[in-house]
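Trainee: There's a structure below that I have some questions on.
The values are calculated or read from the model by the stated rules, or taken from the named source; none is laboratory data. Fair warning: this is a prediction, and the values are worked out from it, not measured in the lab. Note: ideal-geometry Cβ built from the backbone for every residue, glycine included; neighbour counts use all protein chains shown. Side chains are part of the model used for accessible areas, which takes the heavy atoms of the whole protein and leaves out ligands, DNA and RNA. Shrake-Rupley method; radii C 1.70, N 1.55, O 1.52, S 1.80 Å.
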Amino acid sequence: QVQLVESGGGLVQAGGSLRLSCTAPGRVLTGYAMTWFRQAPGKEREFVAAISWSGDETSFADSVKGRFTISKDNAKNTLYLQMNSLKPEDTAVYYCGAGRSTIQSLKMGGVEYWGKGTQVTVSS
C-alpha cells in the first residue's frame, strides 16, 4: 500500500496563487505516473493534471491550461501543482494520485493510489 500525503491548500483570493505538494512518505514511486484531480461540493471528481514518471510528458484539463503547472522532483519524491490566476471555480478538494500506467490511463481511472486531499478555497 502506498500512502500519498497532500499539502499546501488554503484560502486565497481570486487571482492569487498556491502550490500544492504531494509526497509518499517512506516510498520511492519509481515508474509511477502522477496526477492531480479535484472535487468540488456536489460534483464528481475531475481530472486536473498529470505527469509521466520521467516528467517529459504532461497533460492538463482545458479549464486549467495556461494557469496550472505540474512538476515532480524524483530526488525528493515530491509532486507539485503550481496554481496561478486562481478563480472561485477552482475551489475544491485536490487529490494526488499515482499509477504505474500512462497519463491517458490515469485520466481514465487508472489511478492505483490516492491521497486524502487538501482543500483549496478561492474567494471572489
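Trainee: Quick one: how many residues across the range 34-59 are assigned to a loop (DSSP other than H, G, I, E, B) and not acidic (Asp, Glu)?
Mentor: Taking the range 34-59 and keeping what is assigned to a loop (DSSP other than H, G, I, E, B), we get 40-45, 52-57.
The next check asks that each one be not acidic (Asp, Glu); those that pass are 40-43, 45, 52-55.
Summing the residues that are assigned to a loop (DSSP other than H, G, I, E, B) and not acidic (Asp, Glu) in the range 34-59 gives 9.
Trainee: Scan the range 83-114 residue by residue and report those that are without any contact (Cβ under 8 Å) to a residue 60 or more places away in the chain and touching a Lys or Arg at 6+ places or on another chain (Cβ under 6 Å).
Mentor: Scanning the range 83-114 gives a single hit, Ala92.
Trainee: While we're on this one: Return the only residue of Thr23, Thr30, Thr58 being within 12 Å of Ile70 (Cα to Cα), out of contact with any Phe, Trp or Tyr (no Cβ under 7 Å at 6 or more places or on another chain) and hydroxyl-bearing (Ser, Thr, Tyr).
Mentor: Answer to the check: Thr58.
Trainee: Within the range 29-50, which residues are without any contact (Cβ under 8 Å) to a residue 60 or more places away in the chain and over 15 Å from Trp114 (Cα atoms)?
Mentor: Just the residues of the range 29-50 that are without any contact (Cβ under 8 Å) to a residue 60 or more places away in the chain, to begin with: 30, 40-46, 48-50.
Within the range 29-50, Thr30, Ala40, Pro41, Gly42, Lys43, Glu44 qualify.
Trainee: Here are some residues: Phe47, Phe68. Which one is surrounded by 15 or more Cβ atoms within 10 Å (Cβ to Cβ), under 18 Å from Gln13 (Cα atoms) and aromatic (Phe, Trp, Tyr)?
Mentor: Working: Phe47 fails: under 18 Å from Gln13 (Cα atoms).
Criteria check complete, one pass: Phe68.
Trainee: Right, another one. Mind checking which pairs have a first residue in the range 62-82 that is within 16 Å of Gly97 (Cα to Cα) and at pLDDT below 95 and a second that is aliphatic (A, V, I, L, M) and part of a loop (DSSP other than H, G, I, E, B), Cβ under 6 Å, 6 or more apart or different chains?
Mentor: Listed pairs, sorted by first residue: Asn77/Ala24; Asn77/Val28.
Trainee: Which of the residues belonging to the range 106-122 are open to solvent by 40 Å² or more (accessible area, probe 1.4 Å), farther than 12 Å from Phe47 by Cα and of a type in the set (Gly, Ala, Ser)?
Mentor: none
Trainee: Oh, and also: If I go through the range 78-105 residue by residue, how many of them are farther than 18 Å from Arg27 by Cβ and either open to solvent by less than 20 Å² (accessible area, probe 1.4 Å) or touching a helix residue (DSSP H, G or I) at 6+ places or on another chain (Cβ under 7 Å) (or both)?
Mentor: 7
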